[in-house]
Amino acid sequence: MATKEVRRLRPESSVYTRPVGVSSKTVCAYWIAGRCTKKFCRFLHTSAPSTLANPHISKQKAIQKGNAYNATQKSNVVQKSPEKVCKFWVVGNCVEGDRCPYLHTWFRGAGFSMLAKLQGHKKAVTGIALPETSDKLYSAGTDGTARVWDCRTGQCGSVINLGGEAGSLVSEGPWVFVGVPNVVKAWNIQTNAEFNLNGPVGQVHAMVVANEMLFAGAQDGVILVWKGCCESNPFQLAATLKGHTQAVVCLTVGRSRLYSGSVDQTIRVWDLDTLQCIMTLNAHSDVVMSLICWDQFLLSCSLDCTIKVWVATEGGNLEVTYTHNEEHGVLALSGMPDAEAKPILFCSCNDTSVRLYELPSFTERGRLFGKREVRAIQIGPRGLFFSGDATGLLSVWKWLDPGLKELSS
């Protein structure tokens, strides 16, 4: 007799009806996406953890937990981080595409664009200079080298071994000065003459040239001053300015004054004619990292996350007229007009970004990004500006003509 095979019908199953395994208060992320394949998943297959089942949790706390859960689910929607460039995108192998939470660009904002990335330094770039009438760009870093770049090709033409980490680099006329521990190296790019200026104790963190004098701030808190001399020895140590109790890390000149900022959290004001300290400013609560003079104002920044704008009073003193707060410590300041002659302040923060603010309103115009924090910013001619970060990346930027702004977005 023929028999008919009877098959036991099983209820239709899906990833949404699988039995729950061991107890857990965490919802299965794969179940949420509709693709959990585990028969006995140890995570919850339900819309949210049942927090009200616990009698010790109040209603208000349950609501808070529910809100936190909802916020977690909303966070699953990919949003671009405004603060960090994707390290995988930098090397060309990010596979996330539009879902990557990090930036796939080196800047945000309009009116400027990146022209080139110059890669060669192995560690932080600490100084950049484009000497007048030169077609060579100079940079120095903590990898113990100075590099000379061809402005036409972007190629590194030569590498100079400094014998120590570079703390600063500036240029004036045909001279390029590099500060390294216990010495300032001077090169004449026209005659190829080289000189070592001895005297500093420790690293030379900052230099500036004014009134035919070279000022260098050193690790021991002393500012050394060299004046021009005879051709056989063009630099003669003229003075040592003492007053700071810790390292001098920034210098600037304006209105017949030299301004110095230090790890001791003070700003000292020096008369350029007498080389005497005439004022000490105490407004920052951490290292004074950078100083610039702009018209009648002095701007200072610090690791205390502030930028302060100083103005002279009728009595001749300097007072803070405005304080701008940042989320992170501020490492460097620089400034220049944009293509429309509007004053723009560059503010490098300790979060890999450089903010661009339009003055005097401090309206943000955009941001530049590095692989790590930007240590050096330098202004060039014809709308050029440069930035160097802690990985050794040197970037070349340019303000665009007003009619080309849309191309920078």
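Note on residue 310: accessible area is roughly 10 Å² with a 1.4 Å probe, heavy atoms of protein only.
Across the cross-link table entries 87/123; 308/371; 185/227, which are compared at the Cα atoms, the separations over 21 Å belong to 308/371. Considering only 120, 396, 109, the residue lying farthest towards the positive end of the dipole of region 105-399 is 120, judged by Cα position with unit charges set on Cβ.
What trypsin sites (Lys or Arg not before Pro) in region 138-231 are in a loop by DSSP, with at most 16 other Cβ atoms within 10 Å of the Cβ?
152
When only alpha carbons are used to place a centre, region 143-157 and region 376-390 end up 14 Å from one another. Here the accessible area of region 245-304 is 41 percent carbon and sulfur, with a 1.4 angstrom probe and all protein chains present.
Heavy atoms of the protein chains alone define the surface here; on that basis region 105-399 has 42 Å² accessible area per residue at 1.4 Å probe size.
Decide, for region 105-399, between rounded, prolate and oblate: order the square roots of the alpha carbon gyration tensor eigenvalues as a ≥ b ≥ c, take rounded if a/c falls under 1.5, and otherwise choose prolate if a/b is larger than b/c, else oblate.
Here region 105-399 falls in the oblate category.
Here is the list for region 77-168: GluC sites (Glu not before Pro) lying in DSSP coil, each with at most 10 other C-beta atoms within 10 angstrom of its C-beta, are 132. Set the Cα radius of gyration of region 104-174 against 2.2 N^0.38 Å, with N its number of residues, and you get 1.20.
Does region 145-286 come out rounded, prolate or oblate, given a ≥ b ≥ c as the square roots of the eigenvalues of its C-alpha gyration tensor, rounded meaning a/c under 1.5 and, failing that, prolate meaning a/b above b/c?
Prolate, since a/c reaches 1.5 and a/b exceeds b/c.
The values are calculated or read from the model by the stated rules, or taken from the named source; none is laboratory data. Computed from a predicted structure; not experimentally measured. Note that each Cβ is placed from the backbone with ideal geometry, even for glycine, and that neighbours are counted across all protein chains shown. Note: accessible area is taken over every heavy atom of the protein model, side chains too, but ligands, DNA and RNA are not part of it. Shrake-Rupley method; radii C 1.70, N 1.55, O 1.52, S 1.80 Å.
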